[in-house]
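**Q** Next up is a structure, given as structure tokens.
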Amino acid sequence: MNIRIAVLFLLFFGSVYTSCLSQNVYLEVRGTDSLSSRVIDSLNFRKSFDGLLKLNAELDSLSFRLQRLGYIENQAGKIRKINDSTYASEIDLRQRFNTIYIYYSKTDLNSADFEGLSTEVTNEYALVKIAILETVLAELNRRLANKGQPFLELRLLDIEKKDASNLQGYLDIKLKQKRTIDKIVIRGYEKFPQSFLKRMLNIKTGAEYNIDDIRKKSEQLSGLRFANQTRPPETLFTADSTTLYFYIEKTKSNSFDGFLGFGTNEETNKLEFDGYLNLNLINSLNYGETLQLNYKSDENDQQTLNVRTQLPYLFRSAVGVDLNLNIFKKDSSFTTVSQSADLFYQLKPNQNIFAGISAV
């Protein structure tokens, strides 16, 4: 009997204990005045929890969010128990600071790095609104990373009052060794002509590592007729090297269209063709080259042949050629042949100079 009573007691106690653990608790937070309370309520903080630990964590989070708004001296009072499920706290917002003077070293940054981020910049400091401070620091980190410093450490230290409405702090930046592109690897279309990366996109080994610039330039790959980028470039960092990976697939862009008939000329007893032929070969040799051939012959004894060849980045250089041949023949009494050769040299990715000759 005693054992049975003990078991029932344990079951009852366990049920009550479990019920207490699963009971929701509620948080009420007010300011020291109505204006402060409106500021706090505007943050839409969480008010229902399944335990006191989470309730306390939310109050700490709320205080931190108020600091990000400029109430860096806000102070939460002790949590008071209102009833079995409701707890309350009062937060004294105190003074709000709107801006912070960020002092920096000229060896790490310059005023141009704060372009678009600060309301006032000198060679010593930048004035930043506290409400966007985290965004500004994140953008500074990104800009420095794009100067070959992807692993830098950036911290704002010694934050204190400067005057009645402003704070000040020192921007501490720990720079690592600058990164450059040591190796470029093509995944997918491994025979992709890398001269297009080097010449058209200006991405090459030895260049300063800037992932934003690389990704922006790589979007041009999707504009090629013979290749397409399947996903953005990625980077493998090791202790002493930086390897850049491009993911490219080869696209089929060759085309053929034509109809040819043939017969024997009764007067000359020679074989003649009638019809048309359109042939386009693009990047068949994996050099980015183009060959276009157009032939047309009709019953009026007129024949036209156009051949064009474009060879970019000869021998991986900045030099390319564009060759054209046109032959027009009218029966056996009239034939015109015109040809041209253009040589181009790429000064910059979007700037070429041309020189050519033509003959008829």
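What follows is calculated from the coordinates using simple rules that are stated; it is not laboratory data. None of these values were measured; they are calculated from a predicted model. Cβ coordinates were reconstructed from backbone atoms using ideal geometry, including for glycine residues, and neighbour counts include every protein chain displayed.
**Q** Can you list the lysines whose alpha carbon is less than 17 Å from that of Lys198, not counting same-chain residues fewer than 8 positions off?
**A** Reachable lysines: Lys183, Lys216, Lys217, Lys348.
**Q** Give the dimensionless ratio obtained when the Cα radius of gyration of the stretch 183-250 is divided by 2.2 N^0.38 Å. Working shown, then result.
**A** Working: Rg = 11.3 Å, N = 68, 2.2 N^0.38 = 10.9 Å.
Expressed relative to 2.2 N^0.38 Å, the Cα Rg reads 1.04.
**Q** If I model a spin label as a point 7 Å beyond the Cα along the Cα-Cβ vector, how far apart are those points for Lys147 and Arg38 in nm?
**A** Each label point is offset 7 Å from its Cα along the Cβ direction, giving 4.3 nm.
**Q** What percentage of all Cα-Cα pairs in the stretch 170-216 are separated by more than 12 Å? Each step should come with its number before you reach the end.
**A** Values: 774 of 1081 pairs.
Above the 12 Å cut-off, the stretch 170-216 has 72 percent of its Cα pairs.
**Q** Fewest to most neighbouring Cβ within 10 Å: what's the order for Glu90, Glu139? Mind dumping the intermediate values first?
**A** Working: Glu90 18, Glu139 15.
With the sparsest Cβ surroundings first, the list reads Glu139, Glu90.
**Q** Arrange the following residues from fewest to most other Cβ atoms within 10 Å of their Cβ: Ile159, Ile173, Ile102, Ile357. Provide the component values of the computation, followed by the final result.
**A** Numbers: Ile159 14, Ile173 17, Ile102 26, Ile357 9.
Sorted ascending by nearby Cβ count, the order is Ile357, Ile159, Ile173, Ile102.
**Q** While we're here: Suppose R0 equals 22 Å; then what is the FRET efficiency for Leu285 and Val307 from their Cβ-Cβ distance, rounded to the nearest 0.05? Present the calculation step by step, with values, prior to reporting the outcome.
**A** Values: r = 17 Å, r/R0 = 0.76.
FRET efficiency, Leu285 to Val307: 0.85.
**Q** Order of Leu244, Leu236 from fewest to most other C-beta atoms within 10 Å?
**A** If I rank by nearby Cβ atoms, fewest first, I get Leu236, Leu244.
**Q** Quick check: pseudo-label points 7 Å beyond the Cα along Cα→Cβ at Arg187 and Asp60, how many nm apart are they?
**A** Output for this residue pair reads 3.9 nm.
**Q** For Ser340 paired with Asp213, estimate the spin-label separation in nm (one decimal), with each label point 7 Å from Cα along the Cα-to-Cβ line.
**A** Each label point is offset 7 Å from its Cα along the Cβ direction, giving 3.6 nm.
**Q** Let me check I've understood the local charge: for Gly356, count other residues with C-beta under 9 angstrom from its C-beta, Lys and Arg +1, Asp and Glu -1. What total comes out? Display every interim value, and only then the final one.
**A** On the way: positive: none; negative: Asp322, Asp342.
Cβ neighbours under 9 Å give a net charge of -2.
**Q** Students often get this wrong, so try it: which of (i) 59, 47, 45; (ii) 61, 43, 42; (iii) 124, 73, 44 is Cα extents along the principal axes in Å as calculated from the structure shown?
**A** Correct label is (iii).
**Q** Please report how far the C-alpha centroid of the stretch 55-117 lies from that of the stretch 197-265, rounded to the nearest whole angstrom.
**A** 48
**Q** If you don't mind, another one. Ignoring everything except DSSP H segments at least 4 long, calculate the 222 nm mean residue ellipticity for the chain; use -39,500 (n - 2.57) per segment, divide by total residues, nearest 500. Spell out each step's value before the answer.
**A** On the way: 5 runs with 67 residues, N = 360.
Rounded to the nearest 500, it is -6000 deg cm²/dmol.
**Q** Which helices count as membrane-span-like in the chain under these terms: full DSSP H, at least 15 Å along the axis by C-alpha, Kyte-Doolittle mean of -0.5 or more? Before the final figure, lay out each step's value.
**A** Details: long enough: 2-22 (30 Å, 1.55); 52-68 (24 Å, -0.06); 133-145 (18 Å, 0.22).
Result, helices passing both filters: 2-22, 52-68, 133-145.
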